[in-house]
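The structure under discussion appears below in the form of structure tokens.
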């Protein structure tokens, strides 16, 4: 057995080591409690996760592109129904023969 100042220093070192371990344990416990509180708060705020947001954004971009394509197609079909040539029809059309005016009967 050691006696004197060495024993006192050994006990003090052991006490400090135990206190440091307890402090780390308290820190971990406090972090866990705070993390769970923040998660509960964020869940109650009904926030959207980044992956979900990006998926919906990609769907919206695709839908907008499809909508533009369908709008152009609809405009071309309406132009055909109205008898107005569309830009595509004008580019591919053959020159039409000119019609003569009908003769007046005398």
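Would you pick out the residues in region 42-55 that are outside any loop (DSSP other than H, G, I, E, B) and at pLDDT below 90? Break it down into steps so the answer makes sense when it comes.
Step one: list which residues in region 42-55 are outside any loop (DSSP other than H, G, I, E, B), which gives 42-44, 50-55.
Selection gives 42, 43, 44.
Just checking, which of 66, 11 is modelled with pLDDT of 80 or more and within 38 Å of the chain's Cα centre (by Cα)?
Just a single option satisfies the conditions, and that option is 66.
The values are calculated or read from the model by the stated rules, or taken from the named source; none is laboratory data. Here the structure is a predicted model, which is why all the values come from computation and not from measurement.
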